[in-house]
Amino acid sequence: MNRVFIKTYGCQMNERDSEAVAAMLRGKGYSIVDQEMDADVILLNTCSVREQAEQKAIGKAGHIASRKRKNPNLIVGVMGCMAQNRGADLLDSLPDLDLIVGTQKFHRVPEHLENVIASLKGQGPRPDTIVDLEAEDGSQNTIDTHLEDGPQITAFVSIMQGCNMNCSYCIVPKTRGPERARPIEAIVEEVEQLAANGTREVTLLGQIVNQYAVREFPVVDRKSPFVQLLERINEIDGIERIRFTSPHPVGFREDLIECYARLPKLCEYLHFPMQSGSDRILKAMRRPYTVERFRRIIDRIREVCPGIYISTDVIVGFPGETEEDFELTRQHFDDIGFDMAYLFKYSVRPGTTAEPLGDPVPVEVKEERNQILIDILGKNSLTRNESLIGSVEEVLLEGPARRGEGMYVGRTRGYRKVIVPASPRLVGQLLPVRIEKATISSLFGQLVLQEE
Ligand code: SAH
Ligand code: SF4
Ligand code: F3S
């Protein structure tokens, strides 16, 4: 009963949490399998950010739980944001769950699993569902283990948990709790360990990374704790590239902007959520900035780092979003010229301050607005990619591409995906690639032969 399959929904934080759970379970002698059908234990790490994300996970959990009729020893657990959000109420629709584990309890999964397995082996009646959702002091410090089967060329590192903002549409503060930072030393140690095992690139994760430890640690030489952390990671031998996600316009100050000129390992790529291009809607969303302020920050970053690649998040169809509001979003979205974006149709989340506003923008209108932004994005992204044809880009080779014999996939510093013929021994290296072909989402090229 020791083969575990973990399916992850949601954001990079969740991916990171799943990895940490996998590493902890592996440490206890479980094996992590790639195929659901091979597993004795199935864990779903869930997301609540939109209704659809929850429905997907509930559907999946129901489907898996029905397999218990044939295989009564199958163990099924739900972890993460939806577990936290819905708690024991999940049992109304999914009475067969063995585990419901919240976002501050990932590190307890091995212990809970052991208990479920022990009682199944005891031949007694099946135990009640274990529901573990309490807040736990210091839980942000428990997501620090990584799987160590071969080098993880690029790795996520959670530097904090939770969120203290109050965006009116967002459920994350409820599912993830208040902001809690890990100490700089612990993060540095984790990254050093990763580097020693072959990791070349780290992405620092938090709901608002630039707010990292603002309450816990002092500003030193006018540098925020987040900037101090970036400086420390920039010093670590073996790490070649640093990324982070997501920052917020609030607290995006000169000390952070200058990092793009000063820290050679910080990649020329920024994910910078705008959410809307209308000040009226931003206010209703409780996003405490204006579009002008948002754009000033981007202008300043582009001064310091010309050619930086910028991506964003936008929600269309927030309650009260008129044609005029959307037109402002469209204009700013087009003017700024994002290289990538995650576009979301507004979804009402229970318990948020926007919930009482309902969902007055019709689905078709949301679809239409979404499509308009997709089209702009496609055009921008293709233009940007095509502009690279003929140039040589530094690519970190991550591993075999999904399709094509002998083809490998890597990324540029600007986070563009590159497909290139290569060999296994080059995985993990930074290689010059001449770009020959471009689509909206990918670049294709050839290695530039280096003198040995
Ligand atoms: N902490 C990050 C966002 C995390 S959630 C930040 O503030 O930038 C990821 C994205 O999901 C958000 O940026 C937002 O665009 C989208 N999102 C959050 N709640 C949503 C909702 N109720 N409906 C639609 N999209 C939503
Ligand atoms: Fe949600 Fe806003 Fe916090 Fe981001 S900053 S996680 S959108 S509440
Ligand atoms: Fe991430 Fe979804 Fe939770 S976006 S923080 S998994 S609600």
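The values are calculated or read from the model by the stated rules, or taken from the named source; none is laboratory data. Keep in mind that what you see is a predicted model, and the values were worked out from it rather than measured. Because the Cβ atoms are built from the backbone with ideal geometry, glycine has one as well, and the counts that use them run over all protein chains shown. Note: areas computed on protein heavy atoms with side chains; ligands, DNA, RNA excluded. Shrake-Rupley method; radii C 1.70, N 1.55, O 1.52, S 1.80 Å.
Could we say that Ile208 is within 16 Å of ligand 3 (Cβ to nearest atom) and either buried (at least 18 other Cβ atoms within 10 Å of the Cβ) or under 26 Å from Gly77 (Cβ atoms) (or both) here? In short, yes. Out of Ile171, Ile153, Ile143, I need the residue that is among the β-branched types (Val, Ile, Thr) and farther than 17 Å from Gln84 by Cβ. Which one? Of Ile171, Ile153, Ile143, the one residue that is among the β-branched types (Val, Ile, Thr) and farther than 17 Å from Gln84 by Cβ is Ile153. What number of residues in the range 262-292 are not charged (D, E, K, R) and not in a loop (DSSP other than H, G, I, E, B)? Residues that pass the stated criteria total 9.
Looking for something of a type in the set (A, V, I, L, M), crowded, with 20+ Cβ neighbours inside 10 Å, modelled with pLDDT of 95 or more and farther than 26 Å from Thr312 by Cβ - is there at least one such residue anywhere in the range 156-172? The answer is no; no qualifying residue exists.
Each residue in the range 321-352 was checked for being near ligand 1 (Cβ under 10 Å from one of its atoms) and hydrophobic (A, V, I, L, M, F, W, C), and 4 of them qualify. Residues of the range 25-41 that are closer than 16 Å to Asp144 by Cα, surrounded by fewer than 20 Cβ atoms within 10 Å (Cβ to Cβ) and of a type outside the set (Lys, Arg): Gly27 alone. For Leu328, indicate whether it is aliphatic (A, V, I, L, M) and open to solvent by 50 Å² or more (accessible area, probe 1.4 Å). Considered against the rule, which asks whether it is aliphatic (A, V, I, L, M) and open to solvent by 50 Å² or more (accessible area, probe 1.4 Å), Leu328 comes out as yes.
Of all residues in the range 163-177, those that are among the aliphatic types (A, V, I, L, M), within 7 Å of ligand 2 (Cβ to nearest atom) and not in a helix (DSSP H, G or I) total 1.
Residues in the range 1-24 that are within 16 Å of ligand 3 (Cβ to nearest atom) and open to solvent by 20 Å² or more (accessible area, probe 1.4 Å): Ile6, Lys7, Thr8, Tyr9, Gly10, Cys11, Gln12, Glu15, Glu19.
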